[in-house]
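The values are calculated or read from the model by the stated rules, or taken from the named source; none is laboratory data. What you are looking at is a predicted structure, and each value in this text was computed from that prediction instead of being measured. As a convention, Cβ positions derive from the backbone with ideal geometry for all residues, glycine included, and neighbour counts pool all protein chains shown.
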Amino acid sequence: MTASRGNTPPLARVQADFIAYIRGDDAAMAGKTRATRKADAETLLGVYRNAFPLRLIEALGANFPRLKSVLGDADFDRMGRAYIAKTPPRHFSIRWFGDRLPEFLAREKPWREAPAAAELAGFEWALAAAFDAADAPALDIPAIAAIPPQDWAGLTFAFHPALSIFVSRWTVPEQWNALGDAGDNEVPRPQRRESPVTFALWREAEGRTMFRSLAEDEARMLAAARDGQSFSLLCEGLCAHVSEDRAGPRAAELLRHWVEQGWVTEARAA
Amino acid sequence: MQNAAATSQRFAGLGLGLRTDFQAELLDDASRPVDWLEVLTENYLVPGGPPLANLERARARYPLAMHGVSLSIGASDELDMDYLRQLRDLARRIEPEIVSDHLCWTGHAGINSHDLLPVPHTEEAVAHIAGRVARVQDFLGRRIALENVSSYVDYSFSAVPEWEFLEAVAERADCDILLDVNNIYVSSFNHEFDPLDYLNGVPAKRVRQFHIAGHRNNGSHIVDTHDHPVIDPVWRLFAEALRRIGPRPAMIERDANIPPLGELLAEVGEMRRVAARTLAERAA
């Protein structure tokens, strides 16, 4: 290869300028690229500058489809451009580009004035995380049934990586469902709840992502179990919700339910 | 490490880029209508779930090529070792016939454009990229192929045409080439060069695979959108590439405006006809 001509800027300089250009600095690439007989340099550079937000906004649309349908294409595009400006992509995979969108919507005007949008973004991000979370073999009912009775009190549990907890302050999961069924029909705006409701999100063995709300005692027991508390402590914790003689059977009932849904990957004797 | 000529028996014939739109239909098709599949590496660099399960299904039925977009071999930033580790682990798990990425850069100072940006054709870039390719091939324990990208800008200080740059990188780095015939066509239109000059300048022995795709012509320039059928001039250029370079695994890429699978398979059929005719003429 022949030697470069004089006035060759260092590679790092060119790349810094190119990125500055696609992020909006009009002058950054002046004189560095050629026009052709058919197109001026600005038009050709513009292909990259135009593609940059569009590609990222498309990726956001894939991870936040119902936020997009609530905001509408124009507002979603506006929001996407503001998010890109504030939070340019840094991960190698575009899959993770939306990781800070819920926080962005909660913090930035005008979106923070409609807090249900931030919750919807957080909910969709959590669903996406459940979709491609790590795989793990789940315990089945016979495996639980085979645990010797003397081991039960000290038993602790491990949970599937796709299982997560989502605390909802607005009727966003209900809105998410309604949006899926609505077609082109208007969906009622989410309402603020009187008190937060805990949802569990998970992935079925066949790969479908699921969610359901948890009763207060179940939410509390699940949080304690995920913290590594033993089965006897889980039963004790339930006494705040049910009478002492009902605590054991209720704990067993909830555990059975979790196992049936594929949430539990391990039951360890003390 | 094996060289380009020692192409595996499994990696031959005509393939298709696997996309979620039609993956279930294609993987369920017992007639195996293509010879191999190319998968987009980053789609599978996730912890688990259906993407990886589908990849295993594809792997059980077809030889696979792994094609990435995040290597950013031309960047002045440090190599992303987190990416390389994940790439290496996936390649070990999948054992693809080829691992490829692009002769481009994707970001700078930690900001990722998620685009395949052109590298200036300078001596500095050749030396820089050759060194990085060597490190990547050492780390992965296997050769990689670099693909020529479609480009829309031509740096005023580029010292040589793209084909000379591609050859210089591949020779000095000792890596393979994934030759995208559509990208040659697109760039020749955008930068007003003769695509046959490009084909004549490519070191044939390093070419391990062909890509073919459609694009969008805006009149003053062409954008490599992969959202249209392959056009006739690109089929003709594919034939010219086969004439000069010889048979290599070749495939269709379609990334947007994806038609029913039957239409894509019809394009693969067209590719089969062009290849059969051209290679018969070449042998005669």
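Please verify whether A:G98 is among the small types (G, A, S), touching a Gly at 6+ places or on another chain (Cβ under 9 Å) and within 14 Å of chain B (Cβ to nearest Cβ), treating the condition exactly as stated. So A:G98 fails the test.
Quick one: is B:A109 among the small types (G, A, S) and closer than 20 Å to B:R143 by Cβ? Please lay out each step first, then the result.
On the way: among the small types (G, A, S): yes; closer than 20 Å to B:R143 by Cβ: no.
Taking the combined requirement at face value, the residue does not satisfy it.
Which residues, counting only those in the range A:42-61, are small (G, A, S) and at the interface with chain B (Cβ under 7 Å from one of its Cβ atoms)? Residue satisfying the conditions is A:A51 alone. When B:Y83 is tested against (1) under 15 Å from A:L11 (Cβ atoms); (2) within 19 Å of the chain's Cα centre (by Cα), only condition (1) is not met.
Every condition in (1) within 23 Å of B:W105 (Cβ to Cβ); (2) more than 7 Å from chain B (Cβ to nearest Cβ); (3) within 18 Å of the chain's Cα centre (by Cα) holds for A:A20 except the one numbered (3).
Could you run through the range A:130-164 and say how many residues are among the hydrophobic types (A, V, I, L, M, F, W, C), within 14 Å of another protein chain (Cβ to nearest Cβ) and under 19 Å from the mean Cα position of the chain (by Cα)? Of the residues in the range A:130-164, 6 are among the hydrophobic types (A, V, I, L, M, F, W, C), within 14 Å of another protein chain (Cβ to nearest Cβ) and under 19 Å from the mean Cα position of the chain (by Cα). Could you say whether any residue in the range A:166-181 is farther than 29 Å from A:Q229 by Cβ, small (G, A, S) and away from chain B (no Cβ under 14 Å)? Yes, the range A:166-181 has at least one match. Among strands (runs of 3 or more DSSP E) entirely within the range A:128-220, having at least 3 residues that are at pLDDT below 95 singles out no element at all. Among the residues of the range B:108-130, those that are part of a loop (DSSP other than H, G, I, E, B), at the interface with chain A (Cβ under 7 Å from one of its Cβ atoms) and in contact with a Ser or Thr (Cβ under 7 Å, 6 or more places away or on another chain) comprise B:P120, B:T122.
Rundown of residues vs (1) closer than 29 Å to A:L163 by Cβ; (2) crowded, with 21+ Cβ neighbours inside 10 Å, yes/no style:
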| site | (1), (2) |
| --- | --- |
| A:A85 | no, no |
| A:R90 | yes, no |
| A:R95 | yes, no |
| A:P102 | yes, yes |
| A:E108 | no, no |
| A:P115 | yes, no |
| A:L120 | yes, yes |
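Would you check which residues across the range A:221-240 are of a type in the set (A, V, I, L, M, F, W, C) and either without any contact (Cβ under 8 Å) to a residue 24 or more places away in the chain or not in a helix (DSSP H, G or I) (or both) and list them? I'd like the intermediate steps shown before the answer.
First, pick out the residues of the range A:221-240 that are of a type in the set (A, V, I, L, M, F, W, C): A:221-225, A:231, A:233-235, A:238-240.
Listed by number, the residues that qualify are A:A224, A:L233, A:L234, A:C235, A:L238, A:C239, A:A240.
Filtering the range B:135-142 for residues that are away from every other protein chain (no Cβ under 11 Å), among the small types (G, A, S) and assigned to a helix (DSSP H, G or I) leaves an empty set.
Which of the following residues is in contact (Cβ under 8 Å) with a residue 24 or more places away in the chain and surrounded by fewer than 21 Cβ atoms within 10 Å (Cβ to Cβ): A:A162, A:A153? Walk me through it before giving the result.
On the way: A:A162 fails: surrounded by fewer than 21 Cβ atoms within 10 Å (Cβ to Cβ).
Exactly one of A:A162, A:A153 is in contact (Cβ under 8 Å) with a residue 24 or more places away in the chain and surrounded by fewer than 21 Cβ atoms within 10 Å (Cβ to Cβ), namely A:A153.
With respect to the conditions (1) more than 12 Å from chain B (Cβ to nearest Cβ); (2) surrounded by fewer than 21 Cβ atoms within 10 Å (Cβ to Cβ), A:L67 falls short on a single one, namely (2).
For the range B:103-113, indicate whether the set of residues that are out of contact with any Leu (no Cβ under 7 Å at 6 or more places or on another chain) and over 18 Å from A:R90 (Cβ atoms) is non-empty. Looking for residues that are out of contact with any Leu (no Cβ under 7 Å at 6 or more places or on another chain) and over 18 Å from A:R90 (Cβ atoms), one finds none in the range B:103-113, hence no.
Matching residues to (1) of a type in the set (A, V, I, L, M, F, W, C); (2) crowded, with 17+ Cβ neighbours inside 10 Å; (3) away from chain A (no Cβ under 14 Å):
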| site | (1), (2), (3) |
| --- | --- |
| B:S187 | no, yes, no |
| B:L199 | yes, yes, yes |
| B:A204 | yes, no, yes |
| B:A213 | yes, yes, yes |
| B:H221 | no, yes, no |
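Criterion first (among the acidic types (D, E) and surrounded by 19 or more Cβ atoms within 10 Å (Cβ to Cβ)) does A:D140 satisfy it? Taking the combined requirement at face value, the residue does not satisfy it.
Is there a residue in the range A:178-195 that is of a type outside the set (A, V, I, L, M, F, W, C), over 22 Å from the mean Cα position of the chain (by Cα), closer than 30 Å to A:E236 by Cβ and in the same structural domain as A:E236 (by TED's automatic domain parsing)? If you could, list the steps in order and put the result at the bottom.
Let us first name the residues in the range A:178-195 that are of a type outside the set (A, V, I, L, M, F, W, C), namely A:180-181, A:183-186, A:188-195.
Checking which are over 22 Å from the mean Cα position of the chain (by Cα) leaves us with A:183-186, A:188, A:194-195.
Narrowing further to those that are closer than 30 Å to A:E236 by Cβ: A:194-195.
Pick out the ones that are also in the same structural domain as A:E236 (by TED's automatic domain parsing) and you get A:194-195.
The answer is yes, given that some residue of the range A:178-195 is of a type outside the set (A, V, I, L, M, F, W, C), over 22 Å from the mean Cα position of the chain (by Cα), closer than 30 Å to A:E236 by Cβ and in the same structural domain as A:E236 (by TED's automatic domain parsing).
Confirm whether B:A91 is out of contact with any Ser or Thr (no Cβ under 7 Å at 6 or more places or on another chain) and within 29 Å of B:Y155 (Cα to Cα). Let's see the steps before the verdict.
Values: out of contact with any Ser or Thr (no Cβ under 7 Å at 6 or more places or on another chain): yes; within 29 Å of B:Y155 (Cα to Cα): no.
Considered against the rule, which asks whether it is out of contact with any Ser or Thr (no Cβ under 7 Å at 6 or more places or on another chain) and within 29 Å of B:Y155 (Cα to Cα), B:A91 comes out as no.
For the range A:38-78, a residue qualifies if it is under 20 Å from A:A116 (Cα atoms) and not hydrophobic (A, V, I, L, M, F, W, C), and the qualifying residues are A:G61, A:N63, A:P65, A:R66, A:K68, A:S69, A:G72, A:D73, A:D75, A:D77, A:R78. The numbered conditions (1) more than 14 Å from chain A (Cβ to nearest Cβ); (2) without any contact (Cβ under 8 Å) to a residue 12 or more places away in the chain are all true for B:D80 except (1). The criterion of at least 1 residues that are crowded, with 18+ Cβ neighbours inside 10 Å and aromatic (F, W, Y) is met, among helices (runs of 4 or more DSSP H) falling completely within the range B:1-96, by B:20-28, B:81-94.
Just checking: which of the helices (runs of 4 or more DSSP H) contained wholly in the range A:1-104 hold 1 or more residues that are within 23 Å of B:D80 (Cβ to Cβ) and either touching a residue at least 40 places away in the same chain (Cβ under 8 Å) or aliphatic (A, V, I, L, M) (or both)?
Values: elements: A:11-22, A:41-63, A:65-71, A:73-86.
Counting at least 1 such residues, we get A:11-22, A:41-63, A:73-86.
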